[in-house]
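A short write-up of the structure that comes next.
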Amino acid sequence: MEILYVLAAVLVLLLIMGISINNGIIRRKNMVVRAWADVITYERQKNETLPALEKQAAEYKDHEQSLLTDIASLRSALKRASRGTVNTDDLAAIEASTTKMMAGFNVAVEAYPDLKMSDITMSLMREISELQDNIAAAISIFNGNIERFNSGIQTFPNSLVNGMGAGETVYKPFENAEAASSLGFSPQQV
């Protein structure tokens, strides 16, 4: 009879552990999805700033058509980004478009001193720069949550519980290939 109690206690303990591990997996997945939504929110805020920047650039459109094209391309990429679906490839395209647009705008500002002197232009540039800083921070949090989630489903005994229940797969973290290549270093496993 005592053996039945011990077996029942072990089974209850295993069940509680399994439920706890499964809940941890779900919690970490929700953190990834939330962090992704934050990244998209900042990107969308940037999208709301672009029309004003576009209006400023339009005054010089005879000479800066490529800048307007870059802004339109960025706005299109931002509209494709979805809060519900984690897609780091779309984010990479958005970040590349932002870099290209900012470089083009900086060239336009240098070419037209009166554009540079405009308080509106400088305010918009500051706002976009601040949004880029917020996006970088949100991406860092996103990647941290992905690392915790991926570790949480790949380590033992979580991998067993995940295989039997949740069936979650790893997420791909956001990687900026251009920034990584400019470092000239990548971690090597020894």
Hey, among the residues in the stretch 147-165 that are in contact with a helix residue (DSSP H, G or I) (Cβ under 6 Å, 6 or more places away or on another chain) and surrounded by fewer than 17 Cβ atoms within 10 Å (Cβ to Cβ), which one's nearest to Gly18 (Cα to Cα)? Gly165
Some residue of the stretch 89-102 being of a type in the set (Gly, Ala, Ser), assigned to a loop (DSSP other than H, G, I, E, B), surrounded by 13 or more Cβ atoms within 10 Å (Cβ to Cβ) and modelled with pLDDT under 85: no
Exactly one condition in (1) assigned to a helix (DSSP H, G or I); (2) at pLDDT 75 or above is not met by Glu168; state its number. (1)
May I ask you to list pairs of residues, at least six apart or on different chains, whose Cβ atoms are under 9 Å apart, with the first in the stretch 127-155 being within 14 Å of Asp38 (Cβ to Cβ) and modelled with pLDDT of 90 or more and the second being of a type in the set (Gly, Ala, Ser) and outside any helix (DSSP H, G or I)? none
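The values are calculated or read from the model by the stated rules, or taken from the named source; none is laboratory data. The structure presented is a predicted model; accordingly, all values stated were derived computationally and were not measured. Positions of Cβ are generated from backbone atoms using ideal geometry, with glycine treated the same way; all protein chains shown enter the neighbour counts.
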